[in-house]
Amino acid sequence: MRKYVNAREVLPESLIKEIQKYVKGQHIYIPQTERQTWGESTGIRQELERRNEEIVRRFESGISIQQLSKVFHLSEDRIRGIIYERQT
């Protein structure tokens, strides 16, 4: 859950008064102007890319889908999906 920020902590008083002409005592959402894609800020996207590349590399070297499933703790269907995504 996102934490609310008190407007008085981040906005000038003149802007608060202007906003209060339209919204009084209600919560408002101000969207971000630029948004990062999923996993960018945490690095998880790159981590999953490396994992998936490793899965494909091992599969191409002869490791079975069943073995990859056990090694990477993923379902066989997910392993197949990763392999087929990379091959197309």
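Miscellaneous remarks
- Hits in segment 1-19 - residues which are surrounded by 10 or more Cβ atoms within 10 Å (Cβ to Cβ), part of a helix (DSSP H, G or I) and in contact with a helix residue (DSSP H, G or I) (Cβ under 9 Å, 6 or more places away or on another chain): 7, 15, 16, 19
- Residue 54 falls short on exactly one of the conditions (1) at positive phi; (2) over 16 Å from the mean Cα position of the chain (by Cα), and that condition is (1).
- Residue that is nearest to the chain's Cα centre (by Cα), among those in segment 21-49 that are within 30 Å of residue 65 (Cβ to Cβ) and loosely packed, with under 10 Cβ neighbours inside 10 Å: 38
- Test: residue in segment 38-54 that is within 30 Å of residue 11 (Cβ to Cβ) and not hydroxyl-bearing (Ser, Thr, Tyr): yes
Per-residue answers, yes or no, for (1) farther than 30 Å from residue 6 by Cβ; (2) touching an Asp or Glu at 6+ places or on another chain (Cβ under 7 Å):
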residue: 36; (1), (2): no, no
residue: 51; (1), (2): yes, no
residue: 57; (1), (2): yes, no
residue: 63; (1), (2): yes, no
residue: 69; (1), (2): yes, yes
residue: 75; (1), (2): yes, no
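- Where a residue in segment 33-55 is under 14 Å from residue 79 (Cα atoms) and aliphatic (A, V, I, L, M) and its partner, wherever it lies, is modelled with pLDDT of 80 or more and surrounded by 11 or more Cβ atoms within 10 Å (Cβ to Cβ), with Cβ under 8 Å and at least six apart: 55/68; 55/72; 55/79; 55/82; 55/83
The values are calculated or read from the model by the stated rules, or taken from the named source; none is laboratory data. Computed from a prediction, not measured in an experiment: that's the story for all the values here. Glycine also receives a Cβ, built like all others from the backbone with ideal geometry; neighbour counts cover every protein chain displayed.
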